[in-house]
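Every number in this text was worked out from the coordinates using simple rules, so none of it is lab data. Bear in mind the structure is a predicted one, so any value in this text is a computation, not a measurement. Don't worry about glycine lacking a Cβ; one is built from the backbone with ideal geometry, like all the others, and counts go over all protein chains shown.
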Amino acid sequence: MINRTIMAFDFGTKSIGVAIGQTITGTATALSALKARDGIPDWLQVEKLLGEWQPELVVVGLPLNMDGTEQPLTSRARKFANRLHSRFNVKIALHDERLSTVAARAHLFNHGGYRALDKGNVDAASAAVILCSWFEQHAQ
């Protein structure tokens, strides 16, 4: 199996979580949360992360309702993914992110209690959950 580096983003209007992972292990690590203004991050921070990690693919979490239908945030996440692709010429994959925040909060609470539930920690951990889910779905 060829090892590929994959980066994931958990899009939000105020904060965007970031995680990194490897296909060979199928694991992801939460990196950070980028502050955003109405869904727009500091693109220089994004460029720095992409330059540092050199991912072969970027996975963007796609927020959907529990029944699988789209919600207002869905189109904004797609727009963010399109901007990533056009600005940095990276391959993009959209991935269903339903319940990723719930899973991230549970994991953080189990490993650090209420103090671990800082918004930035939750967003970064959510990106890691999204990436792990993507790995599970695309395991070879």
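Fewest to most neighbouring Cβ within 10 Å: what's the order for 24, 6, 16?
Working: 24 11, 6 23, 16 27.
Least to most surrounded, the residues fall as 24, 6, 16.
Exposure proxy check: 11, 88, 80, 135 ranked by fewest other beta carbons within 10 Å? Show your work: numbers first, answer last.
Working: 11 28, 88 15, 80 23, 135 20.
If I rank by nearby Cβ atoms, fewest first, I get 88, 135, 80, 11.
Based on other C-beta atoms within 10 Å, arrange 44, 131, 94 from fewest to most. Before the final figure, lay out each step's value.
Values: 44 8, 131 29, 94 14.
By the 10 Å Cβ count, ascending: 44, 94, 131.
Can you compute the FRET efficiency between residue 47 and residue 69 using 1/(1 + (r/R0)^6), with r the Cβ-Cβ distance and R0 = 41 Å? Round to the nearest 0.05.
On the way: r = 34 Å, r/R0 = 0.82.
For R0 = 41 Å, the calculated efficiency reads 0.75.
What nm value, rounded to one decimal, do you get for the distance between residue 29 and residue 93 when each label is placed 7 Å out toward the C-beta?
2.0 nm
List every residue whose amide H lies under 5 Å from the amide H of residue 31, counting only residues 5 or more places away in sequence or on a different chain, with H placed 1.01 Å from N in the peptide plane.
18, 19, 20
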